[in-house]
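All remarks here apply to the structure that follows.
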Amino acid sequence: MARRTTKAPTVAPSDLDARKATILQAVVVEHIDTAQPVGSSAVAASADLQVSPATVRSEMVTLEREGYLAQPHTSAGRVPTDKGYRYFVDHLKSGVLGAAQQQQVREFFAGVRGEVEDVLEQTSTLLSELTSYTSVVVGASHAHATILSVQLVNLDPRHHLLVTVFSDGSVVKHSVMPSFEANHVDVTEASRQLHALLIGTSLETRVQVPSRHDHVAALVRESVSVLHAEQPTMDGEQVFIGGSSRVAQVFDGVETVRKVLSILEQELLVVSLVQDILDQGLSVAIGSEHGFEPLLACAVVVAPVMIDGEPAGAVGLLGPTRMKYREAMAAAEVVSQHLTRHFAGEDDRG
């Protein structure tokens, strides 16, 4: 189990004066592009400041003293700290996806079909392809959704299929395998009783199952028991990870890659991570802000998915703290909006 750290305050750092802000932005942008410490000469050349490298160096020293930059080695340039990235993100202008990426998203949602789980899994792949980061798509629990349809299908005398359709669009299938043989007539009657018993209820609803000792009553009891055991993860959320293989491409260090992959294998932690970030009112959590010690080298971008004004999941991206924030935030926002419209049954027109 990953150890949680104390979350860092999420209050935005105070404003810097214009020159320091410009220098900090130049350092962040250059470091994101090169993954190397940034020197004052590079900043002076790239940041249209019309001041000498010596002046830039002095300002960078001040930024380091104030916690926005760090110097990995005495003779090296400087890199942004989590505080520096936070300032950069909080003052970042909204980005937009490129025309080709927007077309890719439109075509995906115009053509995607299938059950909710299939759509979420395919969406995780899309989001990773758009950004080259690892994606996380969390689907809401079925617990609050009402049951629209339920049917028990006879496959053979000791194997039946329970098919349940929920109001959130989910179609869930369970095997019901009683210890006795049930004929087609028994299964048909059990299906009729399940329909009368469960339509309009949710998985949180306590239903009164029959106490009789005949085959039909036993099939009803076992079907209800199997259905109410539906809990894929904590609180029933479903989580889909896209692009796990990209972790090794974007993170430095074998140990960091190992830690990140270890977290991604634990669905409960992934759901908790995304939910904690949304609960804090953030769209981006950087380094220690998300409270997961193994992910201190990571930034997580999230966007909620809403249905009828209620949270119905989230999409997210996980990458290094030097991630391309503008592109990642734009991709997460656009995909979450399209996913919201998809589940609302709206035509996808971009």
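Taking the condition under 28 Å from residue 246 (Cβ atoms), in contact with a Pro (Cβ under 7 Å, 6 or more places away or on another chain) and β-branched (Val, Ile, Thr), does residue 137 pass?
Judged against the criteria, residue 137 is not a match.
Does residue 273 fit the bill of being surrounded by 17 or more Cβ atoms within 10 Å (Cβ to Cβ) and either among the acidic types (Asp, Glu) or outside the structural domain of residue 296 (by TED's automatic domain parsing) (or both)?
No, not satisfied.
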Somewhere in region 173-186, is a residue in a helix (DSSP H, G or I) and of a type in the set (A, V, I, L, M)? yes
I'd like the full set of residues that are at pLDDT below 85 and of a type in the set (S, T, N, Q), limited to region 271-295. 280
Report whether or not residue 289 is in contact (Cβ under 8 Å) with a residue 60 or more places away in the chain, in the same structural domain as residue 161 (by TED's automatic domain parsing) and not polar (S, T, N, Q). no
Tally of residues being of a type outside the set (D, E, K, R), surrounded by fewer than 17 Cβ atoms within 10 Å (Cβ to Cβ) and under 14 Å from residue 162 (Cα atoms) across region 200-227: 2
Which residue, of 114, 98, is without any contact (Cβ under 8 Å) to a residue 12 or more places away in the chain and at positive phi? 114
Can you confirm whether residue 187 is more than 30 Å from residue 119 (Cβ to Cβ) and touching a helix residue (DSSP H, G or I) at 6+ places or on another chain (Cβ under 8 Å)? yes
For region 95-102, does any single residue satisfy the condition of being crowded, with 21+ Cβ neighbours inside 10 Å and either under 19 Å from the mean Cα position of the chain (by Cα) or under 19 Å from residue 32 (Cβ atoms) (or both)? no
So residue 79 ticks every box in (1) in contact with an Asp or Glu (Cβ under 9 Å, 6 or more places away or on another chain); (2) assigned by TED's automatic domain parsing to the domain that holds residue 34 but one. Which box is left unticked? (1)
Being within 20 Å of residue 87 (Cβ to Cβ), assigned to a helix (DSSP H, G or I) and either touching a residue at least 60 places away in the same chain (Cβ under 8 Å) or more than 35 Å from the chain's Cα centre (by Cα) (or both): is that true of residue 59 here? yes
Note down all Cβ pairs under 7 Å where the first residue falls in region 30-44 and is more than 11 Å from residue 322 (Cβ to Cβ), the second is assigned to a helix (DSSP H, G or I) and modelled with pLDDT under 90, and they're at least six residues apart or on different chains. 40/53; 41/53; 44/53
Region 83-94 - residue that is surrounded by fewer than 14 Cβ atoms within 10 Å (Cβ to Cβ) and assigned to a loop (DSSP other than H, G, I, E, B) and, of those, modelled with the highest pLDDT: 93
Could you grab me the full set of residues in region 152-173 that are touching a residue at least 40 places away in the same chain (Cβ under 8 Å) and surrounded by fewer than 17 Cβ atoms within 10 Å (Cβ to Cβ)? 171
Say whether the condition of being part of a loop (DSSP other than H, G, I, E, B) and modelled with pLDDT of 85 or more is met by at least one residue in region 127-137. yes
Kindly evaluate residue 268 against the criterion of being over 19 Å from residue 153 (Cβ atoms), in a helix (DSSP H, G or I), at pLDDT below 85 and touching a Ser or Thr at 6+ places or on another chain (Cβ under 9 Å). yes
Filter result for residue 124 (surrounded by 22 or more Cβ atoms within 10 Å (Cβ to Cβ) and either of a type outside the set (A, V, I, L, M) or farther than 21 Å from residue 307 by Cβ (or both)): yes
Residues (under 22 Å from residue 93 (Cβ atoms), surrounded by 13 or more Cβ atoms within 10 Å (Cβ to Cβ) and either more than 33 Å from the chain's Cα centre (by Cα) or polar (S, T, N, Q) (or both)) located in region 19-56: 19, 20, 22, 25, 43, 46, 47, 49
Scanning for something surrounded by 15 or more Cβ atoms within 10 Å (Cβ to Cβ), within 15 Å of the chain's Cα centre (by Cα) and not in a helix (DSSP H, G or I), does region 140-150 turn up at least one residue? yes
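The values are calculated or read from the model by the stated rules, or taken from the named source; none is laboratory data. Every value quoted in this text rests on a predicted model; they were computed, and no experiment measured them. Neighbour counts are summed over all protein chains in view; Cβ atoms, including those assigned to glycine, are modelled from backbone coordinates with ideal geometry.
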